[in-house]
Amino acid sequence: IAADPLSGRHFLFDIGTTLSAQGATTIITTEAEIRDPRFFPEATTADTIIGLHFSVHDERQRRRLEVVKARGATPLSGLHGLELGTVGIVVSPRLEARVVQAARTPLTRSDSGEEEFAPAPEADAVSRASFDLPSLDELLTGGLTQATTTVVIGSGGTGKTLLGMHFALAGIRAGEPVVFLGFHEDRRQLLLKA
């Protein structure tokens, strides 16, 4: 809505810092192309940027998810499969990203002297906010860092609202207070999506 591009950046920065000072973990969704350079200045104010992609190849629809930026985490890189269905969202990390992650996991010696991969360090449950989507939480090294701002960017129909709803429901399941603000769908439409 703002005529000045800097106004959007200032708004995101102000709302993000104000809410994080209150201890809130915030997700803001916006309709844009993730690689659009006009949007990038606004996105840089976020602690995490998740891009949702939609394309059609050989008459098949493809949805992908990309963790573009994640302060304080080492996300699995690349475009990962994203499926929207009756159970909600299913994320399928790229095989190559999983192989790279496994290669970074240090080897240890078992009691019998054989080398084996050490278990991956678990993310600190106190400082991470889960989507309750195991594959996505894995991409984000255990979830979002609490008291941060995440921007989810994608074109229409890529799953931004559904991803936000997953996050809200995960917060409710974890006993967290949750506020879900939507400016496009009314209550009936959100219930249908849920």
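The values are calculated or read from the model by the stated rules, or taken from the named source; none is laboratory data. Nothing here was measured: the structure is a model prediction, and the numbers come from that model. When we count neighbours, we look across all protein chains shown, and the Cβ atoms used for this are built from the backbone with ideal geometry, even at glycine. For the accessible areas, the whole protein counts, side chains as well, though only heavy atoms, and no ligand, DNA or RNA atoms are used. Shrake-Rupley method; radii C 1.70, N 1.55, O 1.52, S 1.80 Å.
Structural remarks
- Rounded to 0.05, the FRET efficiency of the R38 and D186 pair, given R0 = 25 Å and the Cβ-Cβ distance, is 0.25.
- Label zone at D14, where the point sits 7 Å out along the Cα-to-Cβ direction: region 48-70 residues whose backbone N lies under 11 Å: none
- Per residue, in Å², the accessible surface of region 18-78 once ligands and nucleic acids are set aside, probe 1.4 Å: 60 Å²
- In Å², nearest 10: area of L192 left accessible to a 1.4 Å probe: 130 Å²
- Restricting region 10-66 to trypsin sites (Lys or Arg not before Pro) that sit in a DSSP loop and have at most 12 other Cβ atoms within 10 Å of their own Cβ leaves R35, R38.
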